[in-house]
Every structure is written in C-alpha cells, then in structure tokens.
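Written out below as structure tokens is the structure these notes cover.
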Amino acid sequence: MTDEVPPPRRVLHVLKYYRPSFTGEGVFLERSSAVMQEIAPGTVHDLLVTHTPRPDEPAAACTTLNQVIYLSASASGTWRRQIAMAAWFLLNLHRYDTVHFRTHADWYFVSYALARLMRRRLVLSATLDDSLPVLVGQYRPRLRRLAARGFGLFHAFVSISPKLFNETRQMADAESCHLIPCGITIPPTEPGSRARMRMRLGIGASDPVLLFVGGLCARKDPLFLVEAMPRILAAHPRTHLLLVGPPLEPEHVHAVTQAIARLGLEGRVLLAGEQSDPHPWFEAADILVFASHLEGFGTVVPEALAHALPVVVRRLAQVNESFVLEGRTGFLFEDEPGYVTAVDRLLSDAPARARIGAAGRDFATAQFGMRGVASRYLGIYGMRASEAPEARPETGLGCGASIRDTRFHTPVEIAPDMRPLLITMVDAEEAFDWSRPFRRDALDVSSMDQQWRAHRIFERHGVVPLYLADHPVATQDTGRKPLLDLLRSGACEMGAQMHPWVTPPFEEALGERNSYAGNLPVGLELAKARHLTRILGEAFGEAPRIFRTGRFGAGARTADILRSLGYAADSSVTPCWPPEGLTGHRLDAYPYWTDRAKTLMEIPVSATLVGRLSKVTRLAPAVLHPRAQRMHLAGAMSRLGLMERIRLSPEGMTIAEAQRLARHMLAAGHRVFVLTYHSPSLVPGNTPYVRNGEDLARFLDWLDQFYGFFASELGGRFGSWRDLRYGETPLAMAAQ
C-alpha cells in the first residue's frame, strides 16, 4: 500500500507560438516549470499551443511539461481557431486550477470568460511589447473600452521589465500587477570546457571572443555586430565573433553572409546556427555583445552575466538599464562608435574584464535566480512551495531526458544479425526483511563474502558480472572488501544502486512511497545520488558510470540527475513489473536512449509477456493491475498459457520459464538480454527466494543451466553493458 498523497495542483500554460528549446517565453516556461516542480512537487504543468500547428513529430523538449497540446494540426484562420479554443476549454478546463496565458491568445475573450465562470485563477504575462495599454490599443477605438473590461477578467498581470510593469499599472489595480524578471538556470561548469570548446572551433587560448546568442533577424540585428568588426579588428586583430542562433529571417541572414564576404571577415565571424545547449558557447567567450532593438526582458544577457561575461548591449530604456550597470556589469551603447569604444575598453583591460565579469555573476545570481522567480510564480498561482527558495541551492538540472516518458526515447540501433548478448547484473546490497517496514539500521552486507559461490559458475562460463553497489556495501569493510578484491582481479565490473532509505542525506520520512527514489523531491533525489556516486568513487577507485534505482523506482527527473552526474547508462526499468506508487508500464525490454542527444542509455532488465495473447498489449494494464493480481487473474491467464509475465532472474522464476522467456524474446528480435538477482540471495534466509540450503543449490544450478542454454541453444555470448553503450565490440560485427 502506498502512502496517501494529496491530488496534484494543475497549471495550464497557454502560448500562441512554441519553439522548444529556444530563447523566449517558451524556453523560460520549460526552465521555470522544472524549478517549480522542484520546490512544489505536487504541481503539474501542461502547455496549450494555439497558433503553431502540431508538428509531424512533436519534439519532446522538457520533462516537466506534463504534456504539450497543439490546438490544431494545420494552420487555420482566426474564427476556426477561436471556435477550436473555446471547445477545448469547455472540455478540459475542469482539470486545471490556474490558467496562465503567457501571451494574449484569445482576441475575443471567450476562453478568459470560461475560465472565470469555472472559477479558475487567470494570469496574463507581458513579455515583449504587449503591456495592457498596448494590447487595448490594438482594438478599434469603439471596442477599446470593452477590451479593457475583458482584460479585467484576469486576477494577475505579470510583466518581465519595468517598462511593461509601469505601462500595465496605468490600467490595472496595483495589487494585481507583478514585476517578475525572467529567471535563469545555469548548469554547473565542467572543468576544461572553455579549452575544449575553443579547440573544437580552432580558436587560440588567448584570442578574444565576442559572442552573440539569439535568432538571426532584423530585430536582434547581428548585422550591426558584423559591420562593426573591421573597427574592432583594427585594434584587436585576433578577435572572433560567434553568432549562435537559428536563421529566423532569410533576408537578414543573407545580408549577414554578404557583409562577411564584403568585409573579408571569413575566419573571424562564425555563424554557428541553432545550438541545443548554448552554455559551452558562453564558456568559450570573453564578452557578450547584443544589439537587439526590442526586448521585453530577454534571458540571454542575464545568462551571460551569470557566466561571468561582461556585456556590451544596446540601451533599451526601462528594459536593460536595471541590470546592465555601466562599468559594473557591462556597458550600454546607442550607436556604432559607442559600441566599438565599449568593446575596445574591455578587450584592452583584462583585469577590468575579469572584475566586471565577477560582479555580473554575483548580481545575476542574486537578482535572477530561478528558484526565487519560480516561488513568486507559485504565489501568483495561489500555490505554495514545499520549502523556501533559499532552503536548498538550485540544482542546475536540465529537463531534457526521461527514463519513463516515451516522448524522449529513441531505440538503440542494433544489427538484426548480432549474436545475442547476455549481461549479468547483481544488486549488491544489504540484507533486510522484505516483509517488514523499512529501517535505516538494517545494514547487514555479510552476504558479499559469499559471492564466490556464484563466481565458480561465472568463471566456468566466462561471465564477468556487473555489481550495482549501494551505500551500505560501499561504506562497510564486510561489503566493500570482497567486491574490491573481485574488481581488482578483473572478475567483475562496478556500478551504482540507490536505496533511498539507507542513502544520506536523510530528510524524508521512512515509508513505502519514499522507498522509490522517483517519489522524493528532486533536490533530495539529486543529493542522495550525488553522495552515493562520490562514496562509490572513493571506495572502489573509479566513478560508477551505470546506475540503478532501488526497487526500479526511477522518477520524472532521474535521467536528468544521472546526466548531470556523468552517468552513461541506467538499468532502472523492469518491464511488466511497474513499481507500486509510480505510474506507467513498459512492456518491452529493448534498450533505448533517454534523450535526443543520446547521452544516457537505458538497458532494461529482460522481462516481457509470453503466451498466446502476449501480443494483445492493450490487455496488459488490466492483467497487471494490483487488483487483478489480488483476484489471481494473472495466475489464471498464466496457467492457461494465454499471458504470463516472466523476468530473467533465478529469483522466483523456474529454469523452464527463463528458457521460454529467452526463446520468445529472441524470436521477437531481441539481441540484448539482462539477467539480474540480489546479492543477499546467496545466503539462505536473506530473501524470499532462498530460504535454505536446498533453495541455494537450486539457485546456483539455475545459473549454471541458463548460461549453458544461452550459449549452446541460442548461440549467445556473455559480455558487458559497455559493449552495448560504447561499442567496444562493434555491434554490427558481433555476429561474426
């Protein structure tokens, strides 16, 4: 039985246009929703996109947006869109507590009125040139009074710059107006990232680098920066200008490329295009230069400040004057001579550049930290953070990978004729009574000294197992020493396994729900995983690179946590055995990438449905539901040979079942198999699977028989997770 938790509070965000993972209100929503989820875990965020048509393959850009809903599949006219929006709100508004229009998306106020009728909290943002007076002024004169009354439906107005805030306060009650800048989240800097990026670009270590980040369009005006380069190069001939961002306006991009050719700037100006992660580019630069003519606020300049870059920015009255502080965090300019003078001043004085950069970093962190910004948004939504913003440092996590969310998954490409690969994974952990409540003092790891029993079989078959060690094993000599001896002799590999209830820091209550790492607050899950990773590195002399969450309890942000800690693979998925208290099933064991960048690979335990109805997957959720288990429906289906779930493990599975599973999976195209069990099972009485000496003999015989079967009947080989992840044995050649 899982612990009772209150129902989630749901926020609907509305955007007209959505371009995932690119600057603007969309990317701010992605980053702020991630931090809001960290400080208020019971909040669910959805996004409705009204104008952008649904792409053929919707890009999954943010794990903390529960779903991205596109109003239409193709471009449509105003009236069709208005009708579609009203219909959608009528059908779905009951699911939400707050609706945040991040742009004025409903020209006729129908959806706003529906939200008020259903007593939903309504919030409207101003982000560029869309303060309340500007919006009202877009209506015909005779309709402006009516439009002003329509905007009165909103409970709160958010402005991201003093200019927008002051304008909106002219038409709205002061208590409903909020000035909240765009927050920033800066990931931790990797040592050596600056040097690596410069080497990749062919830029010398001491060459000055100017950086622009933004869309290539007339409003952002990168052409201005290009045309000013000759004057800068006259005084600083080794200077480079990097233009990072997508080509939004072909005419402007053409003008930029023509200017580069006309001024002979090839090799000095680089059009880098759109980058999914701009932070390494900030690390490679010395100064941010920004010539935009219109911004509501913009996150690029504060992000540059947080990266300790001095900034040279076109002055925008009441927009950037509050954070581009003359001579303290950077310089403002109004024309080309002013721009060139400011850049020259910084390039000519390295100590001043460093001093201004450090001051900018401190200022941006204090003023624009995302935890404070996210907490203020939650307050406007009528919700409360579970902890004060200052209670825990920002995680700096991304939100672009998921172990559980299939929107982010890409299958690992494996040659269909590859020789079957079997990976053996052992959960190296403490013994505890599985039928009793969780305890922090159940730390017996003496079973690690009995692993030699299985290693006699491993040696006979040429198996090198992977031990996924947890905190009690790594911190006690009785657990650490036997594993260290095996590791030094090359008889095993080492990875990480996290049991939250015995992994510091201990901030959560003990209980069934919190025994799954994915149910913990994100900051706490990260702190535990970071501590475990450090302890394992110290204990075994190498940092673990493959991970497993105890009880297979991966959460919504576990993949982001693992990527931030440098893990290359995870094995926290056991198909057909959904962890209690976590939603979602997975019914197949094919390896997959958890992110678009293909940095973290998921290698599930081998388990699937077998039987005459195994391909009727729509029946599986009903058969696997806990109620069906209590009614013995699954057992009846299994006995009739219709649908049974089998896991590749000597724990609870007969050798005949394991062989049936392997044959079924091989016929279905699987070429990667993962066998797993718990280290305490090698001592009778520790687990329900091995109660006495007879059970232990049967357990070891199971391993011996299965390895023989896998090699002889299936023609398989025994290898490492690294063979799959890194291709140390090229997969396409493995069949030869």
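The values are calculated or read from the model by the stated rules, or taken from the named source; none is laboratory data. These figures come from a predicted structure and were not determined experimentally. When we count neighbours, we look across all protein chains shown, and the Cβ atoms used for this are built from the backbone with ideal geometry, even at glycine. To get the accessible areas, we keep the full protein, side chains included, count just its heavy atoms, and leave off ligands, DNA and RNA. Shrake-Rupley method; radii C 1.70, N 1.55, O 1.52, S 1.80 Å.
Does R407 count as outside any helix (DSSP H, G or I), open to solvent by 20 Å² or more (accessible area, probe 1.4 Å) and not acidic (D, E)? Walk me through it before giving the result.
Working: outside any helix (DSSP H, G or I): no; open to solvent by 20 Å² or more (accessible area, probe 1.4 Å): yes; not acidic (D, E): yes.
Judged against the criteria, R407 is not a match.
Taking the residues in the range 178-193 that are of a type in the set (A, V, I, L, M, F, W, C) and outside any loop (DSSP other than H, G, I, E, B) as candidates, determine which candidate is nearest to the chain's Cα centre (by Cα).
Just the residues of the range 178-193 that are of a type in the set (A, V, I, L, M, F, W, C), to begin with: 179-180, 182, 184, 186.
With the extra rule that they be outside any loop (DSSP other than H, G, I, E, B), the set shrinks to 179, 184.
On the way: L179: 28, I184: 16 Å.
Going through the qualifying residues, I end up with I184.
Using beta carbons and a limit of 9 Å, which pairs, at least six apart or on different chains, have the first residue in the range 696-717 and closer than 15 Å to F458 by Cβ and the second one of a type in the set (F, W, Y) and open to solvent by 20 Å² or more (accessible area, probe 1.4 Å)?
Taking only residues 6 or more apart or on different chains, the pairs are F699/Y689; Y707/F718; F710/F718; A711/F718.
Looking only at residues that are of a type outside the set (D, E, K, R) and in a loop (DSSP other than H, G, I, E, B) in the range 665-685, which one is least open to solvent (accessible area, probe 1.4 Å)? Can you show your working first?
Just the residues of the range 665-685 that are of a type outside the set (D, E, K, R), to begin with: 665-670, 672-685.
This time we only want the ones that are in a loop (DSSP other than H, G, I, E, B), so: 668-670, 683-685.
Numbers: A668: 55, G669: 41, H670: 12, V683: 40, P684: 57, G685: 42 Å².
This residue is H670.
Tell me, which residue of the range 126-142 that is touching a helix residue (DSSP H, G or I) at 6+ places or on another chain (Cβ under 9 Å) and assigned to a helix (DSSP H, G or I) is surrounded by the most Cβ atoms within 10 Å (Cβ to Cβ)?
It comes out as L132.
Out of all the residues in the range 97-111, is one or more among the polar types (S, T, N, Q), surrounded by 14 or more Cβ atoms within 10 Å (Cβ to Cβ) and in contact with an Asp or Glu (Cβ under 8 Å, 6 or more places away or on another chain)?
Restricting attention to the range 97-111, the residues satisfying the condition of being among the polar types (S, T, N, Q) are 98, 103, 111.
Next, from what is left, pick out any that are surrounded by 14 or more Cβ atoms within 10 Å (Cβ to Cβ): 98, 103, 111.
When the remaining residues are screened for being in contact with an Asp or Glu (Cβ under 8 Å, 6 or more places away or on another chain), the result is 103.
Taking every residue of the range 97-111 in turn, at least one turns out to be among the polar types (S, T, N, Q), surrounded by 14 or more Cβ atoms within 10 Å (Cβ to Cβ) and in contact with an Asp or Glu (Cβ under 8 Å, 6 or more places away or on another chain).
With (1) under 32 Å from the mean Cα position of the chain (by Cα); (2) touching a residue at least 40 places away in the same chain (Cβ under 8 Å) as the list, and A359 as the residue in question, which single condition is left unmet?
(2)
Looking at V44 and the list (1) open to solvent by 40 Å² or more (accessible area, probe 1.4 Å); (2) in a strand (DSSP E or B), which single condition is not satisfied?
Result: V44 fails condition (1) only.
Consider D221 carefully, then state whether it is under 26 Å from D335 (Cβ atoms), acidic (D, E) and open to solvent by 10 Å² or more (accessible area, probe 1.4 Å).
On the way: under 26 Å from D335 (Cβ atoms): yes; acidic (D, E): yes; open to solvent by 10 Å² or more (accessible area, probe 1.4 Å): yes.
Considered against the rule, which asks whether it is under 26 Å from D335 (Cβ atoms), acidic (D, E) and open to solvent by 10 Å² or more (accessible area, probe 1.4 Å), D221 comes out as yes.
Take A172 and decide whether it is in contact with a strand residue (DSSP E or B) (Cβ under 7 Å, 6 or more places away or on another chain) and open to solvent by less than 40 Å² (accessible area, probe 1.4 Å). Let's see the steps before the verdict.
Details: in contact with a strand residue (DSSP E or B) (Cβ under 7 Å, 6 or more places away or on another chain): yes; open to solvent by less than 40 Å² (accessible area, probe 1.4 Å): yes.
The answer is yes for A172.
Please go through the range 440-453 and give me each residue that is farther than 15 Å from R551 by Cβ and assigned to a loop (DSSP other than H, G, I, E, B), ordered by number. Walk me through how you get there before you give the answer.
Of all residues in the range 440-453, those farther than 15 Å from R551 by Cβ come to 440-441, 443-453.
R440, D441, L443, V445, Q451, listed by residue number.
What is the residue count in the range 345-390 for residues that are farther than 30 Å from I287 by Cβ, open to solvent by 70 Å² or more (accessible area, probe 1.4 Å) and assigned to a helix (DSSP H, G or I)?
As a first pass, look at the range 345-390 and keep what is farther than 30 Å from I287 by Cβ: 375-390.
Next, from what is left, pick out any that are open to solvent by 70 Å² or more (accessible area, probe 1.4 Å): 376, 384, 386, 390.
Subsequent filtering for residues that are assigned to a helix (DSSP H, G or I) retains 376, 390.
So the answer is 2.
Identify, please: which residue in the range 439-453 is open to solvent by less than 50 Å² (accessible area, probe 1.4 Å) and under 38 Å from the mean Cα position of the chain (by Cα) and is, among those, modelled with the lowest pLDDT?
So in the range 439-453, the residues open to solvent by less than 50 Å² (accessible area, probe 1.4 Å) come out as 442, 445, 447-448, 450-451.
From the residues that got through so far, the ones that are under 38 Å from the mean Cα position of the chain (by Cα) too are 442, 445, 447-448, 451.
Working: A442: 92, V445: 97, S447: 97, M448: 97, Q451: 97.
Among them, the one singled out is A442.
Give me the pairs, please: first residue somewhere in the range 65-87 and within 30 Å of E38 (Cα to Cα), second residue anywhere and among the acidic types (D, E), beta-carbon distance under 7 Å, and either six or more positions apart or on two chains.
These pairs meet every condition: L65/E30; L65/D46; N66/D46; Q67/D46; I69/D46.
Listed residues T64, T52; which is under 30 Å from W593 (Cβ atoms), surrounded by 15 or more Cβ atoms within 10 Å (Cβ to Cβ) and either at pLDDT 95 or above or touching a helix residue (DSSP H, G or I) at 6+ places or on another chain (Cβ under 6 Å) (or both)?
Working: T52 fails: either at pLDDT 95 or above or touching a helix residue (DSSP H, G or I) at 6+ places or on another chain (Cβ under 6 Å) (or both).
Result of the check over T64, T52: T64.
What number of residues within the range 538-554 are closer than 18 Å to I603 by Cβ, out of contact with any Leu (no Cβ under 6 Å at 6 or more places or on another chain) and either of a type in the set (A, V, I, L, M, F, W, C) or touching a residue at least 60 places away in the same chain (Cβ under 8 Å) (or both)?
So the answer is 4.
So that you can scan it fast, the table gives a plain yes or no per residue for (1) among the small types (G, A, S); (2) surrounded by 22 or more Cβ atoms within 10 Å (Cβ to Cβ); (3) within 37 Å of the chain's Cα centre (by Cα); (4) not in a strand (DSSP E or B):
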{"site": "R663", "(1), (2), (3), (4)": "no, no, yes, yes"}
{"site": "R698", "(1), (2), (3), (4)": "no, no, no, yes"}
{"site": "G708", "(1), (2), (3), (4)": "yes, no, no, yes"}
{"site": "A711", "(1), (2), (3), (4)": "yes, no, no, yes"}
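Under 6 Å by Cβ, and 6 or more places apart or on different chains, what pairs join a residue from the range 112-125 that is open to solvent by 40 Å² or more (accessible area, probe 1.4 Å) with one that is assigned to a helix (DSSP H, G or I) and of a type outside the set (F, W, Y)?
Qualifying pairs under 6 Å: M118/L93.
All but one of (1) touching a Gly at 6+ places or on another chain (Cβ under 8 Å); (2) open to solvent by less than 80 Å² (accessible area, probe 1.4 Å); (3) in a loop (DSSP other than H, G, I, E, B) hold for A415, so report the exception by its number.
(1)
Check the range 94-106 and report whether any residue there is part of a helix (DSSP H, G or I), more than 26 Å from L316 (Cα to Cα) and in contact with a Gly (Cβ under 8 Å, 6 or more places away or on another chain). I'd like the intermediate steps shown before the answer.
In the first step, residues of the range 94-106 are kept if they are part of a helix (DSSP H, G or I); the result is 94-95.
Remaining after also requiring more than 26 Å from L316 (Cα to Cα): 94-95.
Restricting the remaining residues to those that are in contact with a Gly (Cβ under 8 Å, 6 or more places away or on another chain) gives none.
For the range 94-106, residues part of a helix (DSSP H, G or I), more than 26 Å from L316 (Cα to Cα) and in contact with a Gly (Cβ under 8 Å, 6 or more places away or on another chain): absent.
Could you list, in sequence order, all residues of the range 145-159 that are open to solvent by less than 10 Å² (accessible area, probe 1.4 Å) and under 22 Å from V319 (Cα atoms)?
Within the range 145-159, A156, V158, S159 meet the criteria.
Of R119, R149, which residue is in a loop (DSSP other than H, G, I, E, B), of a type in the set (K, R) and either in contact with a helix residue (DSSP H, G or I) (Cβ under 7 Å, 6 or more places away or on another chain) or closer than 22 Å to H178 by Cβ (or both)?
Values: R149 fails: in a loop (DSSP other than H, G, I, E, B).
None of the other options fit; the residue is R119.
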